[in-house]
Amino acid sequence: MSDDVTRLDGNTAAGPLARFFAIDATRMIVTCDACYTESRLAQLHLYGGSHGIILRCAKCSAVVLRALERDNMLCLDARGAARLDLCFE
């Protein structure tokens, strides 16, 4: 590690990361990790109910995103996404 870089704790990332999580999620482009298809969030297939959802790739049906609400927490599992891009247009 370079001497000119200051190490800070994760709280410092809250400001820059807020731009990722305080947006209209339908403007997100998700890249499937299984087939590398890029899709808008609205094009993914949603399965689930009131406590959790699973979003699957429209092309290959792989699980791309999981979201779960439990014990006063929101959990997002994005292991099936190779990349999440936010469109500002």
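Key figures
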| quantity | calculated |
| --- | --- |
| Residue check for Leu8: surrounded by 11 or more Cβ atoms within 10 Å (Cβ to Cβ) and not in a helix (DSSP H, G or I) | no |
| Residue selected from region 61-79 under the condition part of a loop (DSSP other than H, G, I, E, B) and more than 16 Å from Ala25 (Cβ to Cβ), by the criterion least open to solvent (accessible area, probe 1.4 Å) | Ala62 |
| Filtered residues of region 28-57 (kept if part of a loop (DSSP other than H, G, I, E, B), surrounded by fewer than 14 Cβ atoms within 10 Å (Cβ to Cβ) and among the small types (Gly, Ala, Ser)) | Gly49, Ser50 |
| Enumeration of residues in region 76-86 that are under 20 Å from His45 (Cβ atoms) and either touching a strand residue (DSSP E or B) at 6+ places or on another chain (Cβ under 7 Å) or among the small types (Gly, Ala, Ser) (or both) | Leu76, Asp77, Ala78, Gly80, Ala81, Ala82, Arg83, Leu84, Asp85 |
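The values are calculated or read from the model by the stated rules, or taken from the named source; none is laboratory data. Everything numeric here is computed off the predicted structure, so don't read it as measured data. Positions of Cβ are backbone-derived with ideal geometry, glycine not excepted, and every protein chain shown enters the neighbour counts. Note: accessible area is taken over every heavy atom of the protein model, side chains too, but ligands, DNA and RNA are not part of it. Shrake-Rupley method; radii C 1.70, N 1.55, O 1.52, S 1.80 Å.
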